[in-house]
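Enquirer: Next up is a structure, given as structure tokens.
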Amino acid sequence: MAENQMAQYGELLHELKEKIKVAQMKVIHAINNELLTVYWEIGNAISSQEKAVGWGGKIVDKLAADLKAEFPQMKGLSPRNIRYMRDFAIAYPFFLNKDIKNPEYIENKDVIILQQAAAKLPWGHHQLLLTKLKSADERAFYIKKTVQNGWSRSVLEYQIDIGLFKTQGALVNNFNTTIPSYECDLTTQIFKDPYNFDFIMLNEKAKERDLENALMTHVTKVLLELGAGFAFMGRQRKFEIGGKEFFFDLLFYHTKLRRHVIIELKIGEFEPEYIGKMNFYLSIADDQLKGVYDEAAIGLILCKTNHKVVAEYALRDVTKPIGIAEYRITQQLPADFKDELPSIEDIEQRIGDEIMENQKSEEAKINTILDKLHNLNSEETN
């Protein structure tokens, strides 16, 4: 009886926790919506006055000071933040749907959908978007991605800095002939070209295994670069076929696509024969890894350089989904920059010289102290 009561209590506690979490999220969203609404109204009023009577930039400083005097406890009333409010209102003129008398006559209804998505982002995200992006299309792209993936401000900044808007969906692939049309666009947008692995450094003599080791040292950053939905399943995954062993460089699973993703790393330029090997690996994955509810695996070949025309020819008539992209890593220092740096021998010599100087300095201090002690002892003796 006691066990049954404890089980019921556990279920009740879990249910109440979930209800409280949902209520907390509703409160957070409501507060955020109210804050953005106030900021938009302030920004829209300033923008309207600027257009109507030609206000100058100094009026914002005066408004900031007067509003701060009236509401001393309210944060976010600095001149800089008020300028963000004005830019926010200009960027999203239909942010308040109640101001739209006939929304059905707006030429681009996507504007309404976009600004509804924008209302879900915290103010810090909007400051970042307004600071770094001037293009409305780019802002729309990152707003949708942030809402879909729940990006923090730092992750959003990272995705902007690496240029996800320009790289996503840019890789050479055969998805349009190997993946059903209803899923093809989604799949294409999940992958990109190039991939930015600038958190690792390799020299010119590095091999594929060196690249793989470096990536696995920073597997969290690799997952961030690949994008949302990728789950890491292993490296050098071994399979035995006909008495021979074969290894996948990196194996992932994409939760939204419900597909395994095999990544092959190539330290040099793309070669057409890589397609045959990847096609073979995909057959193994579909036979030995694919579950009842899984779709066919996807192959991604990452090369240091990729000649797109050659890649397109190589993919022609291939029946399994394969994408080919480049990766970017931090290379060795340029030769002209290396010349400006001291050699190992120079560094060793400098360290040796400094040690010698320090030793001489310490010896001098010790000798001074010894002399003082000697003189003191002589005085006491006399």
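Enquirer: So, in the stretch 177-201, how many residues would count as being crowded, with 17+ Cβ neighbours inside 10 Å and over 23 Å from Thr131 (Cα atoms)?
Expert: So the count comes out to 12.
Enquirer: While we're here: Does the stretch 162-175 hold any residues that are in a helix (DSSP H, G or I) and touching a residue at least 12 places away in the same chain (Cβ under 8 Å), and which are they?
Expert: Answer for the stretch 162-175, where residues must be in a helix (DSSP H, G or I) and touching a residue at least 12 places away in the same chain (Cβ under 8 Å): Leu164, Phe165, Thr167, Phe175.
Enquirer: Next question, about the same structure. Given (1) more than 21 Å from Ala325 (Cα to Cα); (2) in contact with a strand residue (DSSP E or B) (Cβ under 6 Å, 6 or more places away or on another chain), identify the lone condition not met by His260.
Expert: Tallying (1) more than 21 Å from Ala325 (Cα to Cα); (2) in contact with a strand residue (DSSP E or B) (Cβ under 6 Å, 6 or more places away or on another chain), His260 fails exactly one: (1).
Enquirer: Among the residues of the stretch 132-175, which ones are more than 27 Å from His254 (Cβ to Cβ) and out of contact with any Phe, Trp or Tyr (no Cβ under 8 Å at 6 or more places or on another chain)?
Expert: Lys132, Lys134, Ser135, Ala136
Enquirer: Which number in (1) in the same structural domain as Ala117 (by TED's automatic domain parsing); (2) farther than 21 Å from Pro122 by Cα; (3) in a helix (DSSP H, G or I) marks the one condition that Phe88 misses?
Expert: If we test Phe88 against (1) in the same structural domain as Ala117 (by TED's automatic domain parsing); (2) farther than 21 Å from Pro122 by Cα; (3) in a helix (DSSP H, G or I), just (2) comes out false.
Enquirer: Taking the criterion of being surrounded by fewer than 18 Cβ atoms within 10 Å (Cβ to Cβ) and at pLDDT 85 or above, would at least one residue in the stretch 167-176 satisfy it?
Expert: yes
Enquirer: When only residues in the stretch 150-166 that are aliphatic (A, V, I, L, M) and closer than 25 Å to Ile322 by Cβ count, which is surrounded by the fewest Cβ atoms within 10 Å (Cβ to Cβ)?
Expert: Among those residues, the one meeting the criterion is Ile162.
Enquirer: What tally of residues in the stretch 217-239 results from selecting those that are among the hydrophobic types (A, V, I, L, M, F, W, C) and more than 21 Å from Gly323 (Cβ to Cβ)?
Expert: Matching residues across the stretch 217-239 total 1.
Enquirer: For the stretch 188-301, give me every one of the strands (runs of 3 or more DSSP E) that falls completely inside it and has 3 or more residues that are at pLDDT 90 or above and either closer than 22 Å to Phe175 by Cα or of a type in the set (Asp, Glu) (or both).
Expert: Counting at least 3 such residues, we get 230-241, 244-254, 259-269.
Enquirer: List the residue pairs whose Cβ atoms are under 9 Å apart, where the first residue sits in the stretch 136-154 and is not assigned by TED's automatic domain parsing to the domain that holds His126, the second is of a type outside the set (Gly, Ala, Ser) and in a helix (DSSP H, G or I), and the two are 6 or more positions apart or on different chains.
Expert: Note: no pairs meet the criteria.
Enquirer: If you go through the stretch 214-242, how many residues are buried (at least 16 other Cβ atoms within 10 Å of the Cβ), within 12 Å of Phe252 (Cα to Cα) and over 17 Å from the mean Cα position of the chain (by Cα)?
Expert: Going through the stretch 214-242 one residue at a time, the tally reaches 2.
Enquirer: List every residue pair whose Cβ atoms lie under 8 Å apart, where the two residues are 6 or more positions apart in sequence or sit on different chains, the first residue falls within the stretch 250-268 and is within 12 Å of Ala285 (Cα to Cα), and the second residue, located anywhere, is among the basic types (Lys, Arg) and assigned to a strand (DSSP E or B).
Expert: Cβ pairs passing all conditions: Leu251/Arg235; Leu251/Arg237; Tyr253/Arg259.
Enquirer: In this structure, does Val60 turn out to be surrounded by 10 or more Cβ atoms within 10 Å (Cβ to Cβ), more than 25 Å from Lys120 (Cα to Cα) and at pLDDT below 85?
Expert: Criteria met by Val60.
Enquirer: Taking the stretch 297-324 as the region of interest, how many residues are touching a residue at least 40 places away in the same chain (Cβ under 8 Å), crowded, with 16+ Cβ neighbours inside 10 Å and within 17 Å of Asn176 (Cα to Cα)?
Expert: Qualifying residue count, the stretch 297-324: 11.
Enquirer: Also, quick follow-up: With Ala23, Ala91 as the choices, which residue is under 30 Å from the mean Cα position of the chain (by Cα) and loosely packed, with under 13 Cβ neighbours inside 10 Å?
Expert: Ala23
Enquirer: Something else about it: Condition first: over 17 Å from Leu128 (Cβ atoms), of a type in the set (A, V, I, L, M) and out of contact with any helix residue (DSSP H, G or I) (no Cβ under 6 Å at 6 or more places or on another chain). Now tell me which residues in the stretch 36-62 satisfy that.
Expert: Correct list: Val38, Ala45, Ala52, Val53, Ile59.
Enquirer: May I pose another question? If I filter the stretch 129-141 down to residues being part of a helix (DSSP H, G or I), modelled with pLDDT under 90 and not charged (D, E, K, R), which single residue comes out as farthest from Thr167 (Cα to Cα)?
Expert: The qualifying residue farthest from Thr167 (Cα to Cα) is Ala136.
The values are calculated or read from the model by the stated rules, or taken from the named source; none is laboratory data. These numbers were taken from a predicted model, which means no experiment stands behind them. Quick reminder, even Gly has a Cβ in these numbers, built from the backbone with ideal geometry, and neighbours come from all protein chains shown.
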